[in-house]
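Can you keep this structure in mind? I'll have questions shortly.
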Number of protein chains: 4
Amino acid sequence: MIISMKLHSTREQIDAVCARVNDFGYKIHSIEGEERVVIAVVGVGDVTACLESIEAMPQVERAVRISAPYKFVSREYRKERSVFRINNTDIGGDNFIMMAGPCSVESEKQIMESAEAVASAGATFLRGGAFKPRTSPYDFQGMAEDGLKLLRKAKEATGLGIITEVMSDRDVDLVAEYADILQIGARNMQNFALLKALGKCGRAVMLKRGMSSTVKELLMSAEYVVAHGNPQVILCERGIRTFETATRNTCDIACIPVLNELSHLPVILDPSHATGKRSLVPALSRAGVAIGADGLIVEVHPCPEKAVSDGAQSLDIPQFRKMMADLKPYINLWRASREAEMAASVR
Amino acid sequence: MIISMKLHSTREQIDAVCARVNDFGYKIHSIEGEERVVIAVVGVGDVTACLESIEAMPQVERAVRISAPYKFVSREYRKERSVFRINNTDIGGDNFIMMAGPCSVESEKQIMESAEAVASAGATFLRGGAFKPRTSPYDFQGMAEDGLKLLRKAKEATGLGIITEVMSDRDVDLVAEYADILQIGARNMQNFALLKALGKCGRAVMLKRGMSSTVKELLMSAEYVVAHGNPQVILCERGIRTFETATRNTCDIACIPVLNELSHLPVILDPSHATGKRSLVPALSRAGVAIGADGLIVEVHPCPEKAVSDGAQSLDIPQFRKMMADLKPYINLWRASREAEMAASVR
Amino acid sequence: MIISMKLHSTREQIDAVCARVNDFGYKIHSIEGEERVVIAVVGVGDVTACLESIEAMPQVERAVRISAPYKFVSREYRKERSVFRINNTDIGGDNFIMMAGPCSVESEKQIMESAEAVASAGATFLRGGAFKPRTSPYDFQGMAEDGLKLLRKAKEATGLGIITEVMSDRDVDLVAEYADILQIGARNMQNFALLKALGKCGRAVMLKRGMSSTVKELLMSAEYVVAHGNPQVILCERGIRTFETATRNTCDIACIPVLNELSHLPVILDPSHATGKRSLVPALSRAGVAIGADGLIVEVHPCPEKAVSDGAQSLDIPQFRKMMADLKPYINLWRASREAEMAASVR
Amino acid sequence: MIISMKLHSTREQIDAVCARVNDFGYKIHSIEGEERVVIAVVGVGDVTACLESIEAMPQVERAVRISAPYKFVSREYRKERSVFRINNTDIGGDNFIMMAGPCSVESEKQIMESAEAVASAGATFLRGGAFKPRTSPYDFQGMAEDGLKLLRKAKEATGLGIITEVMSDRDVDLVAEYADILQIGARNMQNFALLKALGKCGRAVMLKRGMSSTVKELLMSAEYVVAHGNPQVILCERGIRTFETATRNTCDIACIPVLNELSHLPVILDPSHATGKRSLVPALSRAGVAIGADGLIVEVHPCPEKAVSDGAQSLDIPQFRKMMADLKPYINLWRASREAEMAASVR
């Protein structure tokens, strides 16, 4: 931790800061700058509490933490990529993951048709919401447990793994009965009661980045789940909120290599929410493969114009098939590069 | 609703859109523009579902909703300001509200000292978190029910109303036993499970605007609570997230008159979170009074340097007293203006 | 400057960084942290160049500058507020400044009518653009020198000082002939060629904050003008660009006390561009006075519905008169507080 | 244009709006909604002026433009991609463009070494700034004309085309003497005096998107250059400013397919400024190729640690060579796809 004092701090003020730092179990290296006093702090302790306390002192200009605030999710904790085996598929390894399906589970016919189509086109996970976070209380809120049962039926028919959203800590156990991966939506990324419950759910979790969350906050939320007992966390970039309205969100695609530098957890890209527009999904999907995401989650609907939600960003089935075909050479390049990386790390 | 078709749409494509609109129970007024076809839609129906469906049609350029998506919280539904009587105090009327207290309840001594100090300086509500949303799983998470009990004790001693945060739908009933106003934090503004539970809690709710939520989304979240049975919703501006880092958040102060134009609900300003810096709180508080907020919620701590959270933005007790004294002439102007408005609306 | 090395840096890597730092004339205080090496640097030199060089070194995690990058505009350089005497009016002292007038100079009739109306309502500066920055090449681009001549005529008739925009370093001398204050628009805040030319123009300059510029960048742009020879710089907050679209921009009103802490330069608030909506201007103006701005710049037009630009945010003349009357008690409080501050600083 | 009136508008208010619309030469289609009156407007006229005027009328809720505000740069104006032949290279066709070189021209040795290295690795344009936009007046401002002369020398030695920045309309003719492409920096994207001068410079122009500019504003700035006489405009995405600080800017990569849908102009991606970090450049470059950019502009320096600017984001020469080799299979896929597109458009 580095503390810089305001100009013209007195000896007593500096001593008071040092005393407070010592209270937290840290040691001091004080440095007299030409212009202002800077205090360097070393040791092990409760960094956040110490920082908060120091920053509240009137003569302190700024206190900056040097070490990362997360631990278990960091590359420093674990050098190799995490690989999770879920429904007989490795996520995070040398297998590019395709999750696809409708925004919401709407009916048996719709979900079965979707599941069969995406499975035959090469997807390995079926997405579909049974609990839907909707901005308006008057919009369709999802089929709840009935939807989960239909997802199970689709799984039995196709072998696809199931990824579906959970919105409340109350529902974690219920959803965990049916799903292979519990999805946490962007609006719940910092629903800490939910994150804690996920720590004990015994299922993999996919954490979508909040609309205005930094990469660091995404990792802190992942740390919540891991610290509460569940190491199987998958990260997902789905676009952030900016001033630009030409797309539904702004895809911060460069966060994927950033996350790969900082963390060992797998990262999935959601080109459907990131753009909000069907015609942009194939191009952004190619970019996601090329930049090194571990997989994609894509909205596909047998009849997007009749979808109860997100129709504008859903591919129809022929469009999804064409996209899968077009992605093939990119996925081949991806696999070669991933295999080379894994071979290198073994050496 | 207004639908604009892509250039060179064919007759069939236009007809298909019109047919879909009719499916939702709406009527059409089609207009041939010089450059592109625009379709105006009138009638009553499920606007969101219709919009989503239309936007998913390939020949549609854009579909724009004209009417507001919320109803009960709008000025059109209720012309006069809502006034809620809570703990013998009117919120939303001609009484400027001051809520004050520490970020977290830390100990009996701390909360009793805070309560007495803010009460004697003129506050009418005591704030203090028993359940704390913390970015890191390693930070202090609050005293939970023990904290709520201390808040009740402080209320008994001072007569102050209690406002405190609830983070999960599971805890709504518990917190409602102790609090006069349930506070929903910025990170939970779109925790829809929680919003639904608040609809039935029998207590007033203060909804903090999400860090990246629009004014419209804030009103939609309020609509959730009202539509689920609870009309007593207070809105709170606490700063939004932008590129600027000189302050903790960016206070969108102009949203206060915007909210007053769109809604009848009271609006509180939180200058502590909006700035993150003690020295800026008095100036922003004056601005909040002058712009017409219904009240302020301010962090005050007997010893900010020892606070477990948010010390840097907490006033100490003498600072709070001085601020209250300095605000007095502004509050007098506020009251005169509010009384004039109420007198005018009676006529 | 504080440099933190990546984990597991070798002795040679650390030495290489120290050697580079020495190349720039700085001295080292090296500190071994428990987790990672942090290097503190003191002395005087070319900070930016040194920072850039250090950050380019592969084993460096981060390099942080401690001192502010600006000098002449800082409070540390000058403790008292700067007061500029312009057209017999003090800006920055105990006189609240009102600048008002139309967005563009459109005709003699329009500008004379505007000038007389705002002068009689109490404004001391007339605003009005002769060179207009317009997003579209097809929109009205201003009357250029003819507009400047009309402004001079309005000044002769009313005694108002003139503030008007200059968009290119080519036009600085021309505009300086007619104007008392040269206004730099938000889009030109980092037009460095223009800033340099302003250093030599012999007139006061009002620098509007860029739409996505930080407070620090605004001060750096002011520093450009001062460092090139012109100390008379006035800052202006006019709203920044965020995700919120309920207002034209988001007024970062808290930047006013922030700027007052960091700098001695006067700060003006522009509530018209900040909101983009006439009905919000009076409330935000009150907030601007209360928070301690040195003045306001407000769009006023004799007939907003016929304005060639910005009609929606312009007050008409009766509205402006009413606002001036309503502001009077707030301005009285402002003056009392400013006088108290000035009296205190004399002691 | 679509105008929606406030609720409860009177007949006279509606008539007044219609009369104003007629003044601008437009025709009316009035539609009575159930809830509010919406007026549709058709015809040809000065849309912006009409919109501004209508929005200033008190009973108008909102006025929305339907047609795009730009013309020459739109796909509707020109269906095929624009291809510009510059220094014997086609930009916008089936040739992927690599522009590379240092941030600033620093010395003859530096620029010659850079030029030879990037040419031998496969680049076809040399970048390098002679006029540098720097946030601080105390930082290196570029070698000016001496720098331009060195760029010419590098061109003579290697055959590379030259792209370099111009910052003021005063310097356009000078820079046009030396450069093949004039680069406009993000901070000058809305320097309208400069854009107008570029309309007459007789050279291709690369327009970098402003830090907080929308896609639509970027196209409007391109429209300025084209409308003033110069059709050779290349667009460049270099990252926008958001709340995220893990990268220097946030790369809005999805704007590339958006721009391709809206416009026929070529689009270049700048992964160096978009990330600000050398280690992220290769991954983002792959994504740029995969998503369909027409080329990349990359910072390369013989010794990044000694660069006077942007060292942290510059590749050194071996890194650039490796990146070029790694990109090859992606560029092959790019070319195949572009050739297929061009073949299809011929049919």
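Rounded to the nearest 5, what is the percent of antiparallel bridges among the DSSP beta bridges in chain A?
Details: 18 of 46 bridges.
Taking every DSSP beta bridge within chain A, about 40 percent pair in antiparallel fashion.
Taking just the alpha carbons, could you work out the radius of gyration and Dmax for region D:50-159, both in angstroms?
So, for region D:50-159, Rg and Dmax equal 22.2, 67 Å respectively.
Quote the relative contact order of region A:2-64 in percent (integer), defining contacts as alpha-carbon pairs under 8 Å separated by 6+ residues. Kindly include the intermediate steps, with their values, before the conclusion.
Values: 92 pairs, mean separation 28.3, N = 63.
After rounding, I find 45 percent.
Report ³J(HN,Hα) in whole Hz for each residue of region C:173-179, in order, from the Karplus equation J = 6.51 cos²θ - 1.76 cosθ + 1.60 where θ = phi - 60°; Gly and Pro get x.
My calculation for region C:173-179 gives 5, 4, 5, 5, 5, 9, 9 Hz in order.
Please list the radius of gyration and Dmax for region D:2-64, considering alpha-carbon atoms only, with Å as the unit.
Rg, Dmax (Cα atoms, Å): 10.5, 30.
Have a look at B:Val298, B:Val233, B:Val60 and tell me which one the Gaussian network model of chain B (Cα, springs below 10 Å) gives the largest fluctuation.
In this elastic network of chain B, the residue with the biggest mean-square fluctuation among B:Val298, B:Val233, B:Val60 is B:Val60.
Of all beta bridges DSSP finds with both residues in the protein assembly as shown, what is the antiparallel percent, to the nearest 5?
Taking every DSSP beta bridge within the protein assembly as shown, about 40 percent pair in antiparallel fashion.
Using only Cα atoms, locate the centre of region A:83-142 and the centre of region B:55-130, then give the distance between them in Å, rounded to an integer.
If we compute the Cα centre of each part, the gap is 38 Å.
How many nanometers, to one decimal and shortest first, lie between the label point of D:Lys322 and those of its other copies, if labels sit 7 Å from Cα toward Cβ?
With the label placed 7 Å along Cα→Cβ, D:Lys322 yields 3.9, 5.8, 6.9 nm.
Amide H neighbours of D:Ser263 under 5 Å, counting only residues 5+ apart in sequence or on other chains, H built in-plane at 1.01 Å?
The list, which skips near neighbours in sequence, is D:Arg75.
Could you order peptides D:79-87, B:131-139 by the average number of other Cβ atoms within 10 Å of their residues, highest first?
B:131-139, D:79-87
Placing a label point 7 Å from Cα toward Cβ, how far apart in nm is D:Gly202 from its equivalents in the other copies, listed shortest first to one decimal?
3.7, 7.9, 8.5
Rounded, prolate or oblate: which fits the protein assembly as shown when a ≥ b ≥ c are the square roots of the eigenvalues of the alpha-carbon gyration tensor, with rounded for a/c under 1.5 and prolate only if a/b beats b/c?
rounded
Under 10 Å, Cα contacts only: if you run a Gaussian network model on chain A, which one of A:Val281, A:Val225, A:Val47 comes out with the highest mean-square fluctuation?
Result for chain A, Cα springs under 10 Å: A:Val47 fluctuates most.
Using 32 Å as the Cα-Cα cut-off, could you pick out the over-long pairs in C:Lys149/D:Lys196; B:Lys200/B:Lys328; A:Lys277/D:Lys322; C:Lys216/D:Lys196; B:Lys153/B:Lys196; C:Lys27/D:Lys132? Don't skip to the answer; put the middle values down first.
Numbers: C:Lys149/D:Lys196 24 Å; B:Lys200/B:Lys328 37 Å; A:Lys277/D:Lys322 35 Å; C:Lys216/D:Lys196 30 Å; B:Lys153/B:Lys196 29 Å; C:Lys27/D:Lys132 29 Å.
Check vs 32 Å cut-off fails for B:Lys200/B:Lys328; A:Lys277/D:Lys322.
Can you compute the modelled spin-label distance between C:Asn87 and A:Ser279, with each label point 7 Å from Cα toward Cβ, in nm?
Spacing of the two 7 Å Cα→Cβ label points: 5.0 nm.
Pull up the cross-link candidates among the aspartates and glutamates for C:Lys79, meaning alpha carbon to alpha carbon under 14 Å and not fewer than 8 places away within one chain.
The qualifying aspartates and glutamates are C:Glu261, C:Glu341.
Within 10 Å of each Cβ in D:212-219, how many Cβ atoms from other chains are there, averaged over the peptide? Intermediate values should be presented prior to the final figure.
Details: counts 12, 7, 7, 4, 4, 4, 1, 0.
Rounded to a whole number, the mean comes out at 5.
Let me ask something else about it. Using a label position 7 Å from Cα in the Cα→Cβ direction, what is the ascending list of nm distances from B:Asn88 to the same site in the other copies?
5.9, 7.1, 9.2
Residue separation times 0.36 nm, minus the C-alpha to C-alpha distance between B:Asp146 and B:Val64: what's the value?
24.5 nm
With springs only between Cα atoms under 10 Å, which of C:Ala222, C:Ala56, C:Ala274 fluctuates most in a Gaussian network model of chain C?
Of C:Ala222, C:Ala56, C:Ala274, the Gaussian network model singles out C:Ala56 as fluctuating most.
Can you name the residue in chain C whose Cβ lies closest to the C-to-D rotation axis, and give that gap in whole Å?
Residue plus distance in Å, as requested: C:Ser212, 2.
Averaged over its residues, how many other protein chain Cβ atoms are within 10 Å of peptide C:302-314's Cβ atoms?
Per-residue shielding by partner chains comes out at 5.
On to the next question. Can you compute the charge dipole magnitude of region C:84-346 about its Cα centre, using +1 on each Lys and Arg Cβ and -1 on each Asp and Glu Cβ, nothing else charged? Give it in debye, rounded to the nearest 20. Could the numbers behind the result be given before it?
Details: 29 positive and 31 negative charges, 43 e Å.
Charge dipole, region C:84-346, about its Cα centre: 200 debye, nearest 20.
Which shape class applies to region C:84-346: rounded if a/c is under 1.5, otherwise prolate when a/b exceeds b/c and oblate if not, where a ≥ b ≥ c are the square roots of the Cα gyration tensor eigenvalues? Walk me through the numbers before you get to the answer.
On the way: a/c = 1.25, a/b = 1.07, b/c = 1.17.
Since a/c stays below 1.5, the shape of region C:84-346 is classed as rounded.
How far, in nm, would the chain grow between A:Arg170 and A:Asn22 when pulled straight, counting 0.36 nm per residue and subtracting the alpha carbon separation?
Numbers: separation 148, 0.36 × 148 = 53.28 nm, distance 4.23 nm.
Between A:Arg170 and A:Asn22, full extension yields an extra 49.0 nm.
Within 10 Å of each Cβ of C:184-191, how many other protein chain Cβ atoms are there on average?
Per residue, the number of nearby Cβ atoms from other chains is 5 on average.
Once the Cβ-Cβ distance between A:Ala157 and D:Glu339 is put in as r, and R0 is 41 Å, what FRET efficiency do you end up with, to the nearest 0.05?
Rounded to the nearest 0.05, the efficiency is 0.50.
While we're here: Between A:Lys71 and A:Asn95, what's the calculated FRET efficiency when r is the beta-carbon distance and R0 is 35 Å? Round to 0.05.
It comes to 0.80.
Since every read-out is calculated from the coordinates, none of them should be taken as a lab result. Bear in mind that the values here come from a model prediction, so they are computed numbers and not experimental data. FYI the Cβ positions are ideal-geometry reconstructions off the backbone, even for glycines, and counts take in every protein chain you see.
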